[in-house]
């Protein structure tokens, strides 16, 4: 019996990827909710995710070395898992989700240098036929003049990330959907653990947002694939209905930033 097709995702970054909370007493990575979202959207896929988040890690100091280790060839690794050795295409991952820059901004590295380091990190999976979903850097709870300076630097870095164009490279604006200051006091208490890190509920919230974005990309990829078989579509009652969630912003709808996406059966076939 043929094994089910696989979807392999690397979640890579710093403490926000590690799910750091309660001063390190708790680790609840967003990867857990991401895997649930992907498995629900694609029940026929064998979904595998790996979390590599290191609290305190900086893009300019260690990110590329860690990323290289995930994509090193057999000659560079003394031990490889049976799945990695047996993969038909030699790929370890199909997607790499990369989040980094919070710590670099905090210690004062120039924005341009952080961006150049990010590009080098993204290039590792891209060079191994692995798609990249780059995440923008979310805001923190800093206030006053410190907030103004940090927001300006963060916004500059995020604009560079969002403006980068390359084949198999995608961006999800995490900063836009993971607010701190715009939340009510009740929601801030629920989702934010401190001025930088989230609570377990917050990391689930984060994983839901990223999962919906990735499902949307996968659905679009399936629709636009030139290898998609041409077959007669089976029509079901209500297939052509438009749901409120599908409408564009400004027309009563929601979009990805609202935390959900409509995926029709025909998109998954």
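Looking at region 181-196, can you tell me whether even one residue there is in a loop (DSSP other than H, G, I, E, B), crowded, with 16+ Cβ neighbours inside 10 Å and at pLDDT 95 or above?
yes
Which residues, counting only those in region 1-20, are farther than 30 Å from residue 110 by Cβ and either in contact (Cβ under 8 Å) with a residue 40 or more places away in the chain or part of a strand (DSSP E or B) (or both)?
If we filter region 1-20 for residues that are farther than 30 Å from residue 110 by Cβ, which is where we start, we get 1-9.
Once the filter is applied, which keeps residues that are farther than 30 Å from residue 110 by Cβ and either in contact (Cβ under 8 Å) with a residue 40 or more places away in the chain or part of a strand (DSSP E or B) (or both), region 1-20 yields 3, 4, 5, 6, 7, 8, 9.
Read through the list (1) loosely packed, with under 13 Cβ neighbours inside 10 Å; (2) within 13 Å of the chain's Cα centre (by Cα), then give the number of the only condition that residue 209 fails.
With (1) loosely packed, with under 13 Cβ neighbours inside 10 Å; (2) within 13 Å of the chain's Cα centre (by Cα) applied to residue 209, the lone miss is (1).
Hey, residue 214 hits all of (1) in contact with a helix residue (DSSP H, G or I) (Cβ under 6 Å, 6 or more places away or on another chain); (2) crowded, with 22+ Cβ neighbours inside 10 Å but one; which does it fall short on?
It fails just one condition, (1).
Take the residues of region 21-36 that are part of a helix (DSSP H, G or I) and within 18 Å of the chain's Cα centre (by Cα): which is farthest from residue 101 (Cα to Cα)?
36
How many of the residues making up region 34-69 are buried (at least 18 other Cβ atoms within 10 Å of the Cβ), over 20 Å from residue 3 (Cα atoms) and in contact (Cβ under 8 Å) with a residue 60 or more places away in the chain?
Selection size over region 34-69: 3.
May I ask you to say which residue of 171, 137, 98, 121 is within 16 Å of the chain's Cα centre (by Cα), at pLDDT 95 or above and assigned to a loop (DSSP other than H, G, I, E, B)?
137
Consider residue 137 carefully, then state whether it is surrounded by 21 or more Cβ atoms within 10 Å (Cβ to Cβ) and within 26 Å of residue 68 (Cα to Cα). Spell out how you get there, then give the answer.
Values: surrounded by 21 or more Cβ atoms within 10 Å (Cβ to Cβ): yes; within 26 Å of residue 68 (Cα to Cα): yes.
Spelling it out, residue 137 is indeed surrounded by 21 or more Cβ atoms within 10 Å (Cβ to Cβ) and within 26 Å of residue 68 (Cα to Cα).
Just one of the numbered conditions (1) part of a loop (DSSP other than H, G, I, E, B); (2) at pLDDT 95 or above is not true of residue 44; which one?
(2)
Is it the case, given these coordinates, that residue 129 is surrounded by fewer than 17 Cβ atoms within 10 Å (Cβ to Cβ), on the phi > 0 side of the Ramachandran plot and either more than 18 Å from the chain's Cα centre (by Cα) or outside any strand (DSSP E or B) (or both)?
yes
The values are calculated or read from the model by the stated rules, or taken from the named source; none is laboratory data. Keep in mind that this is a model prediction, so the values were computed, not measured. In this analysis, Cβ positions are derived from the backbone assuming ideal geometry, glycine residues included, and neighbour counts consider all displayed protein chains.
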